[in-house]
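All of the numbers you see were taken from the coordinates with simple rules; none came from a lab. Small disclaimer: the values here were computed from a predicted structure and weren't measured. Because the Cβ atoms are built from the backbone with ideal geometry, glycine has one as well, and the counts that use them run over all protein chains shown.
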Amino acid sequence: MRSIKHFFEQSWLLIVASFFFGLLIAVTNAALSARITWNATAKLNTLAGGLLPEAEAFAPAKETLDIAALGGKPQTLALYKATKGDETVGWIFTAVGSGFADKIELVVAVDARFEKLAGFDVLASNETPGFGDQIKYDYFRNQFKGAPAGTLTLVSGGNSETIDAEIVTISGATVSSTAVVEAMSHYLVQVKEQMRQKGLIEP
Amino acid sequence: MTTNPDGQAGAYTKTLLAGLWRENPVFRLLLGMCPTLAVTAAVKPALTMGFCVIFVLICSNIMVSLMRNFLKPHLRILMFTLTISTFVTIADLLLKAFLPAMSEKLGPYVPLIIVNCIIICRAEACASKSPMLMSVIDAIGMGVGFTVTLCVLAGVREVIGTGKFFEIQVMPSGFVPWAALTMPVGAFITLGFLLGLVNLISRKHS
């Protein structure tokens, strides 16, 4: 009994402060989360528009995809359909890779038949400026435009202007390059398979 | 305030001005070097970081001052960290909601304010020993001092490194920007020169 009393004498302020600060963060988060989500959606739409410029609208597909994330954890992935009038011009989804400093979140765009990549852009990353953040640069991203929408391979040498399944790594940023290529390959294969199973693309 | 017979007004003014020059956190105490070097490639991110630090400093100093009579010596650092991390999280959420592009630009350096020595130093040196008003004035002085320093450093780097100030072209068209100044090496060199300049001025004054 005495030890419990001693515990509360010593730590009551910490306990009270933890509850108070936790509540403060919860209230702030509740007040701002809708706006933060809206910002993220707006950014996704902007990036998607850049990847599929012919598209007039992006709408979430009715079907969600159940895939395994890179670590093996089950994930429900939202799929967006890019349309021009009534015609589907492509598909958009997000992929997450493990970068040098933190997770790298990518927006991936593929054509309507899921045969070729329309490209990717970086939704969120904390890669080192000047090194890992070169994954955002056009010279690296352009290698993906028109590449087959399937397993990609990272190579250390070669012509980065040749569009195929071989992606030339960024010198000095091997971890970031690998993270992008691994995430793309991992997600592309699974998303394609799931979309076939759900009848969204032809087998 | 100037007619206060206890000399409180003088103490407040002294505390307010201390952060700007005599105890400037960057130039005189060499605290908070991580954001000083990392976010000063341009004035806009430097100013945003400065405002975030002012917000966290004021809020954490108020809270620490309010709880100062109940603080147990062996738990005080834990309490400071808990308080600071709460307000840093709130600042981070505010940035993500209202300045998403800047939040992305500042990246991990906003959450890293939690371990910024200036804030924990002011909690320990001032807020845990002073009443609330004095703690708030100390926070404003130190926060403004930090922000001004960041902006001076960022101004020099942005003008010489890109030819722009606040993203507006200020240098003549023939000017060749020293791109190195926008890189990490430029941060160290500029800080070194400014520290030397501050030392020179303070030696002349003394």
Checklist entry - Once phi is turned into θ = phi - 60°, what whole-Hz ³J(HN,Hα) does the Karplus curve with 6.51, -1.76 and 1.60 give for every residue of region B:35-52, x standing for Gly and Pro? => result x, 4, 8, 8, 10, 9, 6, 8, 6, 4, x, 5, 5, 4, 4, x, 5, 4
Checklist entry - Once you list every other residue whose beta carbon is under 13 Å from the beta carbon of A:Thr153, what net charge do they have if Lys and Arg are +1 and Asp and Glu are -1? => result -3
Checklist outcome for this item: Evaluated at 4 °C and 1.567 mPa s, the Stokes-Einstein D of the protein assembly as shown based on the Kirkwood radius over Cα pairs, in µm²/s, stands at 53 µm²/s
Checklist outcome for this item: For A:Val89, the residues 5 or more places away or on another chain with a placed amide H closer than 5 Å to its own amide H are A:Ala82, A:Thr83, A:Lys84
Checklist entry - Alpha carbon centre of region A:105-137 versus region A:157-203: separation in Å? => result 10 Å
Checklist outcome for this item: For region A:1-74, inverting the pair-averaged 1/r of distinct alpha-carbon atoms gives a Kirkwood value in Å of 17.5 Å
Checklist entry - Based solely on its DSSP helices, what 222 nm [θ] is calculated for chain A when runs of n ≥ 4 H residues each add -39,500 (n - 2.57) and the sum is averaged over all residues, nearest 500 deg cm²/dmol? => result -13500 deg cm²/dmol
Checklist entry - Under the definition of Cα pairs under 8 Å and six or more residues apart, what whole-number percent is the relative contact order of region A:48-197? => result 19 percent
Checklist entry - When the dipole is taken about the Cα centre of region B:76-140, and only Lys, Arg (+1) and Asp, Glu (-1) are charged at their Cβ, what size is it in debye, to the nearest 20? => result 60 debye
Checklist entry - Across every pair of different alpha-carbon atoms, what Kirkwood hydrodynamic radius in Å does region A:80-161 reach? => result 13.9 Å
Item to check | Degrees between helix A:174-197 axis and first principal axis of chain A (Cα, 0 to 90, nearest 10) | outcome: 70 degrees
Item to check | Cα-derived Rg over Rh, computed across chain A with Rh taken as Kirkwood radius | outcome: 1.13
Checklist entry - Any idea what angle helix A:2-51 forms with the longest principal axis of chain A, computed on alpha-carbon atoms, 0 to 90 degrees, nearest 10? => result 20 degrees
Checklist outcome for this item: Measuring from the longest principal axis of the C-alpha atoms of chain B, the long axis of helix B:132-162 (C-alpha) lies at a number of degrees, nearest 10, equal to 10 degrees
Next on the checklist: Using a 7 Å offset from the Cα along the Cα-to-Cβ direction at both B:Ser202 and B:Lys14, what is the distance between the two label points in nm, to one decimal?
Outcome noted: 1.8 nm
Next on the checklist: What does the extension gain come out to for A:Glu87 and A:Lys103, with contour length at 0.36 nm per residue minus their alpha carbon separation?
Outcome noted: 2.3 nm
Checklist outcome for this item: If amide H atoms are modeled at 1.01 Å from N in the peptide plane, then the residues at a separation of 5 or more from A:Ala118, or on another chain, having amide H under 5 Å from its own are A:Ala109, A:Val110, A:Asp111, A:Gly146
Checklist entry - Which of these, B:Leu95, B:Leu153, B:Leu20, has the largest mean-square fluctuation under a Gaussian network model of chain B (Cα springs below 10 Å)? => result B:Leu95
Item to check | Part-to-part distance (alpha-carbon centres) for region B:74-145 and region B:1-63, which is given in Å | outcome: 11 Å
Item to check | Farthest toward positive dipole pole in the protein assembly as shown [+1 Lys/Arg, -1 Asp/Glu at C-beta], among A:Ser11, A:Asn45, A:Gly157 | outcome: A:Ser11
Checklist entry - Any idea what log10 I(q)/I(0) is at q = 0.09, 0.13 Å⁻¹ for chain B, Debye with uniform C-alpha scatterers and no solvent? => result -0.38, -0.76
Item to check | Projected-area mean, region A:27-144, by convex hull of Cα positions, square nanometres | outcome: 9.1 nm²
Checklist entry - Sorting A:Trp38, A:Trp91 on the 10 Å Cβ count, fewest up front, what's the list? => result A:Trp38, A:Trp91
Checklist entry - Tell me, what ³J(HN,Hα) does each residue in region A:123-137 have, in order and in whole Hz, if you take phi through Karplus 6.51 cos²θ - 1.76 cosθ + 1.60 with θ = phi - 60° and put x for Gly and Pro? => result 7, 7, 6, 10, 5, 4, x, x, 10, x, 6, 5, 4, 7, 6
